[in-house]
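Only one structure is covered here, and it is reproduced in the block below.
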Amino acid sequence: MSEYLAVLAIVPALRHTKQIFWPIKTGQILRLLIISFFIGAWITSPIPQDYSYADIPYLSALNGTDVITEETGRISMVMTGILFILLVYALLSSIFQFIFVDYLSAETLRILPSLKMRIGMGLRLMTFYLSIILIIGLCAAGAIIGIAMPVLIENPDNQTMFFVALIYTLTGLLILILPVWVLTIITTDFVVPVMMVHLCGIIQGWTILLREFSGRWDEVGIYLLIKISIDLIVGIILGVMLVLVMHLLGFPVMLIIPGLSTSTGYSLFEAIIPFLIMAVITLFVMTPVVTFLRYYALVFLELLSETYTLLPEVYQCRR
């Protein structure tokens with residue numbers, strides 16, 4: 001049966017997810033939490049945007065242009081250090097995409113051997129991700145320059161036109177970013193295992209995958225629709241859960257929504273506390289979800305082609 005493979009893949013993916021989380025194996029779940037952390041399942045939202053440098057003790061002590069100029073080198077070092085940490089995390093995140101597949105397919109008890117083996121592929125995937133970020137940045141700049149700026153220049157004092165320009169810009173960005181988002185999903189879910197099976201680079205992986213998808217784009221569309229729907233539903237549930245937890249802990253709800261917090265006497269470092277709580281809750285909630293979604297992708301890929309039989313018992317659902 002070849003129709004609706006995206007629907008058929010749900011049941012075996014649920015079965016595999018249940019088997020890996022129940023009965024509870026502490027070491028196994030701990031490793032899944034580590035993997036989920038590095039692929040970004042703990043990330044909820046950025047730091048609130050209404051804080052200024054005055055909220056940071058070190059920077060707030062730099063009063064005056066002369067002092068700030070003298071400290072430029074030190075500030076640059078700090079920023080370089082932060083960028084380096086982010087780059088290392090991006091590399092580890094890319095490598096752990098492959099480790100995730102290794103762990104779910106082979107159920108290996110160790111992460112380090114897979115880490116050493118997948119560094120090269122991780123570098124290629126990180127390069128792809130950085131290229132995507134560059135594309136998104138160019139799209140954002142193009143939308144602002146091509147859509148918002150002309151409207152704002154022609155009507156600088158018209159608030160209504162300002163909002164119209166903002167809506168046009170956001171609409172343009174959405175249209176430009178959606179294909180990039182889909183491209184990223186397909187790369188993470190399908191190109192990664194294809195690279196692992198064929199021991200190839202990301203471009204060759206995409207070439208092979210396009211051949212596998214030939215004539216099956218309706219199935220891929222159903223898969224994407226189901227996955228995106230799950231992501232949205234889980235995101236809404238998680239958002240409500242986080243708001244309730246923050247409320248019970250006494251933190252103002254607006255504090256956890258970037259850009260909407262009006263300030264409340266909380267310093268930047270005090271505001272980090274609810275974000276740490278949110279990150280921990282998100283990690284524990286999202287780990288089973290991302291595990292299911294990765295199983296779902298692997299099962300779907302196996303149903304499309306026997307070449308990618310990475311999980312046991314998948315083909316029983318075809319009989």
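The values are calculated or read from the model by the stated rules, or taken from the named source; none is laboratory data. Keep in mind it's a predicted model, so treat the numbers as computed, not measured. Cβ coordinates were reconstructed from backbone atoms using ideal geometry, including for glycine residues, and neighbour counts include every protein chain displayed. Accessible surface is based on the protein model in full, side chains and every heavy atom, while ligands, DNA and RNA are left aside. Shrake-Rupley method; radii C 1.70, N 1.55, O 1.52, S 1.80 Å.
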For this session: With the Cα gyration tensor of the range 159-259 in hand, convert its eigenvalues to equivalent ellipsoid semi-axes via √(5λ) and list them largest first in whole Å.
Result: 36, 22, 13
Problem set entry | Pairwise label distance in nanometres, residue 155 with residue 280, each label 7 Å out on the Cα-Cβ vector | 4.9 nm
Problem set entry | Accessible area in square angstrom per residue, the range 123-203, 1.4 angstrom probe | 57 Å²
Problem set entry | Principal axis dimensions, largest first and in whole angstrom, of the range 122-163 by Cα | 49, 14, 9
Seminar exercise, completed: Of the accessible area of the range 126-253, computed with a 1.4 Å probe and all protein chains kept, carbon and sulfur make up a percent value of 77 percent
Seminar exercise, completed: Burial-style ranking of 181-190, 275-284, 33-42, 226-235, average other-beta-carbon count within 10 Å with highest first, yields 33-42, 181-190, 275-284, 226-235
